[in-house]
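Q: Starting off with a structure, shown below.
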Amino acid sequence: MRAVVEVNLKAIANNIKLIRNQTSAQVLAVVKADAYGHGLIPVAKCAIDSGAKWLGVALLEEAVKLRENGVTAPVIAWLTPPNSDFKEAIELNIDLSIPSLRHLELVVAAGKALGKRPRVHIEVDTGMTRGGLLGEWNEFLIAVKGADIDVVGFWSHFARADEPEESANTLQLLEFENKLAELRAIGISPEFIHFANSAAILRNPNSHNDIVRLGISMYGLSPDINTLGSSQSLDLEPAMTLKAEVHLVKRVPAGSPVGYGGTEITSRDTKLAIITMGYSDGIPRCTTNNAGVFVAGAKAPIIGRVSMDQFVVDLGPDSDAKAGDIAEVFGPLGYSIDDWASAAGTINYEIVTRIATRVPRIYA
Ligand SMILES: *Cc1c(COP(=O)(O)O)cnc(C)c1O
């Protein structure tokens, strides 16, 4: 075994149940980006079995893959640029997000060509200044009235839900209510209103509405460890463990430069282990020695630069680690996903989603 991602589906099931106990809204399990690196199909099936009523993805191809694998639950795809195959989406009963007038026209035309009414969720930009309708709202209201579509949902996305005290959250909710009132005033009353991501689910019950879109916390991770606390303090269990095999163990004297550029030098006589993963597997090259692996019963920090397929850790002089041992890169024993994120100057979302597809996923 060179390297493997172990996914604990029971942890995902428990995390979903924990969230379901905190809201009366339906849960939409966000499984974009290969279920945050955990594997689209096994996670989607686990989420549905654990009571999620909806699935959410960014790309149409992700939604199509769900249908091809027999997943029949409602699926929303919310990042479908104008050249997407809207007809295929409508044929497969995939709900589409409508973030612009142009999208409305394209989806209506696709529905007409098929003779089937598209199911859509109108997306409004309430202050994030990214996805959703903004400047063309009034034109949109005229166009959507009487359009041949089923407006199933109305939604927006928070920019700063991980800062629960931030007034921007209240302003976004106000803008959302105003836009919704204007839509209702022209006779369109969507059944499903949705706004909340994980951070808002955990900290802003006012934003739950009819559906909550549960992403990172379903995988057992905190949306922001600084403002919301750790996985542990939120009672969430991280579902992903990453392991890799030790390729070599070598004893080296103090003063040995390690890796490209010789950026770090051993400070004592020690043992090093070469771990068989690198930046092409998704180990961030910029990771500092505040991360590393757990092997032979102890933590061993990274020393020197991460290479394409390998990195080196300092075992210390007394380690019993040997070539062929399996090291835990992140997981319950040693370094956490959050440790890796802070050592690489990023967020846990990026650590889990960037683990390359060449690393097999196994499920327990
Ligand atoms: C990714 C995403 C989510 C989930 O966000 P988390 O912070 O991971 O819970 C919810 N809604 C939309 C539109 C998203 O793109």
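Q: Please get the size of the charge dipole for the chain, origin at its Cα centre, with Cβ charges of +1 on Lys and Arg and -1 on Asp and Glu, quoted in debye to the nearest 20. Intermediate results must be reported in sequence, preceding the final value.
A: Details: 34 positive and 42 negative charges, 141 e Å.
Once rounded to the nearest 20, the dipole reads 680 debye.
Q: For the stretch 162-195, state which GluC sites (Glu not before Pro) are in a DSSP loop and have at most 14 other beta carbons lying within 10 Å of their beta carbon. Walk me through the numbers before you get to the answer.
A: On the way: sites: GLU165, GLU166, GLU175, GLU177, GLU182, GLU191; in loops: GLU165, GLU166, GLU191.
Counting only loop positions with at most 14 other Cβ atoms within 10 Å, the GluC sites (Glu not before Pro) in the stretch 162-195 are GLU165, GLU191.
Q: Using modelled backbone amide H atoms (1.01 Å from N, in-plane), which distant-in-sequence or interchain residues come within less than 5 Å of LEU221's amide H?
A: Correct list: empty.
Q: Taking only the alpha-carbon positions of the stretch 240-363 and ignoring solvent, what does the Debye formula give for the base-10 log of I(q)/I(0) at q = 0.18, 0.21 Å⁻¹?
A: The Cα Debye sum returns log10 ratios of -0.89, -1.22.
Q: Separate question: Using θ = phi - 60° and the Karplus curve 6.51 cos²θ - 1.76 cosθ + 1.60, what whole-Hz ³J(HN,Hα) does each residue of the stretch 104-119 get, with Gly and Pro shown as x?
A: 4, 4, 5, 6, 4, 5, 5, x, 4, 4, 8, x, 9, 6, x, 9
Q: Choose one of SER84, THR72, VAL124: the residue whose Cα lies farthest towards the positive end of the charge dipole of the stretch 9-219 (beta-carbon charges +1 Lys, Arg; -1 Asp, Glu; about the Cα centre).
A: THR72
Q: May I pose another question? Just the Cα atoms of the chain, one point each, no solvent: what log10 I(q)/I(0) does Debye give at q = 0.13 Å⁻¹?
A: The computed values of log10 I(q)/I(0) come out as -1.00.
Q: Next question, about the same structure. Could you give me the ³J(HN,Hα) list for the stretch 21-34, computed from phi with Karplus coefficients 6.51, -1.76, 1.60 and θ = phi - 60°, whole Hz, x at Gly and Pro?
A: My calculation for the stretch 21-34 gives 6, 9, 8, 9, 6, 6, 9, 9, 7, 7, 10, 5, 6, 6 Hz in order.
Q: Work from the charge dipole of the chain (Cβ charges, +1 for Lys and Arg, -1 for Asp and Glu, about the Cα centre) and give the residue of ALA161, GLN172, HIS247 farthest towards its positive end.
A: Farthest along the dipole direction, towards plus: HIS247.
Q: Just in the stretch 74-160: which trypsin sites (Lys or Arg not before Pro) are loop by DSSP and have at most 12 other Cβ atoms within 10 Å?
A: Values: sites: LYS87, ARG102, LYS112, LYS116, ARG119, ARG130, LYS145, ARG160; in loops: LYS116, ARG130, LYS145, ARG160.
Listed in order of number, the matching sites are ARG130, LYS145.
Q: Counting only residues 5 or more places away or on other chains, whose amide H sits under 5 Å from the amide H of GLN26 once H atoms are built in the peptide plane?
A: Sorted by chain and number, the residues that satisfy this are ILE211, VAL212.
Q: By the gyration tensor of its Cα atoms, with a ≥ b ≥ c the square roots of the eigenvalues, what is the shape of the stretch 14-114: rounded for a/c under 1.5, prolate for a/b over b/c, or oblate?
A: Because a/c hits 1.5 or more and a/b exceeds b/c, the stretch 14-114 counts as prolate.
Q: Which lysines have a Cα lying under 20 Å from the Cα of LYS145, excluding residues fewer than 8 positions away in the same chain?
A: Within the straight-line cut-off, LYS145 pairs with LYS112, LYS116, LYS179.
Q: I'd like the carbon and sulfur percentage of the solvent accessible area for the chain, probe radius 1.4 Å, heavy atoms only, ligands and nucleic acids excluded. The partial results should precede the final answer.
A: Details: 7810 of 15740 Å².
For the chain, the apolar C and S fraction of the accessible surface comes to 50 percent.
Q: Where nothing but the Cβ of Lys and Arg (+1) and of Asp and Glu (-1) is charged, how large is the charge dipole of the stretch 240-363 around its Cα centre, in debye to the nearest 20?
A: Numbers: 12 positive and 13 negative charges, 44 e Å.
About 220 debye.
Q: Here's another thing I want to ask about it. When the dipole is taken about the Cα centre of the stretch 9-219, and only Lys, Arg (+1) and Asp, Glu (-1) are charged at their Cβ, what size is it in debye, to the nearest 20? Don't skip to the answer; put the middle values down first.
A: Details: 21 positive and 25 negative charges, 120 e Å.
So the magnitude is around 580 debye.
Q: For the stretch 240-363, report the accessible area per residue in Å² (1.4 Å probe, heavy atoms, rounded to an integer).
A: On the way: 5590 Å² over 124 residues.
With all protein chains present, the stretch 240-363 gives 45 Å² per residue.
Q: Here is a further query. Ordered by packing density, taken as the mean number of other Cβ atoms within 10 Å over each peptide's residues, highest first, how do 324-335, 260-271, 53-64 rank? Please list the in-between numbers first.
A: Working: 324-335: 18.2, 260-271: 13.8, 53-64: 21.4.
Packing order, densest peptide first, comes out as 53-64, 324-335, 260-271.
Q: Can you tell me which lysines have their Cα less than 21 Å from the Cα of LYS299? Leave out same-chain residues fewer than eight positions away.
A: Candidates past the 8-residue exclusion: LYS243, LYS250, LYS271, LYS322.
Q: Give the residue from TYR335, ASN348, MET277 lying farthest towards the positive end of the charge dipole for the stretch 240-363; charges sit on Cβ (+1 for Lys and Arg, -1 for Asp and Glu) and the dipole is referred to the Cα centre.
A: The residue sitting farthest along the positive end of the dipole is MET277.
The values are calculated or read from the model by the stated rules, or taken from the named source; none is laboratory data. Just so it is clear, the structure is predicted and the values come from calculations on it, not from any experiment. A quick note on method: Cβ atoms are made from the backbone with ideal geometry, for glycine too, and the neighbour counts reach across all protein chains shown. These accessible areas exclude ligands, DNA and RNA; they are computed on the full protein's heavy atoms, side chains included. Shrake-Rupley method; radii C 1.70, N 1.55, O 1.52, S 1.80 Å.
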